[in-house]
Amino acid sequence: MDVRRRVTEIRRRIATVGDPERVRIVAVTKGFGANAVDAALRAGVTDIGESYAQELVAKTPEVTRDGAHWHFIGRLQTNKVRQIADVVEVWQSVDRAALGDEIAKRAPGARVMLQVNVSGEPQKGGCAPHEAPQLVRRLRQSGLEVLGLMTVGVAGAPDAARPGFKLLNRLADDLGVVERSMGMSDDFEVAVAEGSTMVRIGRALFGERPRPEGDVPAN
Ligand SMILES: *Cc1c(COP(=O)(O)O)cnc(C)c1O
């Protein structure tokens, strides 16, 4: 698994559609062991994304000292917040006020992003676009630092995700927030072309996930 070479290749592809200096790579290690985290860190990628609280709890004792910055990117039940509050640096998948309140209680002043469902697919996490302004206000009122917005592009051909990415970018402009976390292995170039500042990459860095897709709930 030559993760370093794959990082170079992803940066090269980012550069064909945008400014690689503006785009951070978040290495998504869900479904892979702690060795994937180590490989990302050795390749110079220190932002690490995790989708499941249990996996994060299992992985971090082995790697926290190595300089990983953990982003939580998956569906999150409020009762799991406490277990991971010491480790998570960026809560990317906040999509409702109750979750924000719990994060504010367990990790006062934490950095969060609001997840927006730009495709309207019912199985996806995220608030509706029209709810975003009010939720951003609410998160700020509870003392959280709102870095920006996050979304998961519609599945299928990469170009199908473009209208949703455009919408997220425009929403972030309107709300005056900097970060736009959008783009995954299959659609990151479209996302960067539409203004992404953070791409969340799993398979393009680590290969196919050992676990069957069926086990992975949609975000
Ligand atoms: C799994 C996951 C990713 C990474 O997906 P890949 O297709 O492996 O790049 C990104 N974002 C979220 C929210 C995910 O759950």
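Full extension of the chain between residue 42 and residue 159 gives 38.9 nm of extra length, using 0.36 nm per residue less the Cα-Cα distance.
Expressed as a whole percent, the accessible area of the chain that falls on carbon and sulfur atoms is 47 (1.4 Å probe). Separation of segment 113-171 and segment 30-57, taken as the distance between their Cα centroids, equals 24 angstrom. For a paramagnetic label modelled at 7 Å from the Cα of residue 62 toward its Cβ, which residues of segment 14-45 fall within the zone defined by backbone nitrogen distances under 16 Å? Residues 28-42 fall inside that zone.
Using a 1.4 angstrom probe on the protein heavy atoms only, line up 105, 166 by accessible area, largest first. Please list the in-between numbers first.
Values: 105 135, 166 95 Å².
Output order, biggest surface exposure first: 105, 166.
Report note on the peptides 95-104, 3-12, 109-118: ranked by the mean count of other C-beta atoms within 10 Å, highest first, their order is 109-118, 95-104, 3-12. With the simple spin-label model, which puts each label point 7 Å out from Cα in the Cβ direction, the residue 106 to residue 54 separation comes to 1.6 nm. Spin-label model, residue 209/residue 19: points 7 Å from Cα along the beta carbon direction are separated by 3.3 nm.
Over the chain, accessible surface divided per residue gives 45 Å², non-protein components excluded, 1.4 Å probe. Rounded to the nearest whole Hz, the Karplus-based 3J(HN,Hα) values (6.51 cos²θ - 1.76 cosθ + 1.60, θ = phi - 60°) of segment 138-145 follow the sequence 4, 5, 5, 4, 7, x, 7, 9, with x at glycine and proline. Pairs exceeding a 22 Å alpha-carbon distance, out of 30/124; 80/124; 30/166; 59/124; 30/59: 30/166; 59/124. Using the Cβ-Cβ distance between residue 170 and residue 77 with R0 = 30 Å, the FRET efficiency computed as 1/(1 + (r/R0)^6) comes to roughly 0.45.
For the set 57, 90, the ranking by accessible area, highest first and with no ligand, DNA or RNA atoms included, is 57, 90 under a 1.4 Å probe. Measuring r between the beta carbons of residue 69 and residue 186 and using R0 = 30 Å, the FRET efficiency lands at 0.80.
The values are calculated or read from the model by the stated rules, or taken from the named source; none is laboratory data. Everything quoted here is computed from the prediction, not taken from an experiment. We place every Cβ from the backbone using ideal geometry, glycine too, and count neighbours over all the protein chains shown. Ligands, DNA and RNA are excluded from the accessible area calculation, which covers all protein heavy atoms including side chains. Shrake-Rupley method; radii C 1.70, N 1.55, O 1.52, S 1.80 Å.
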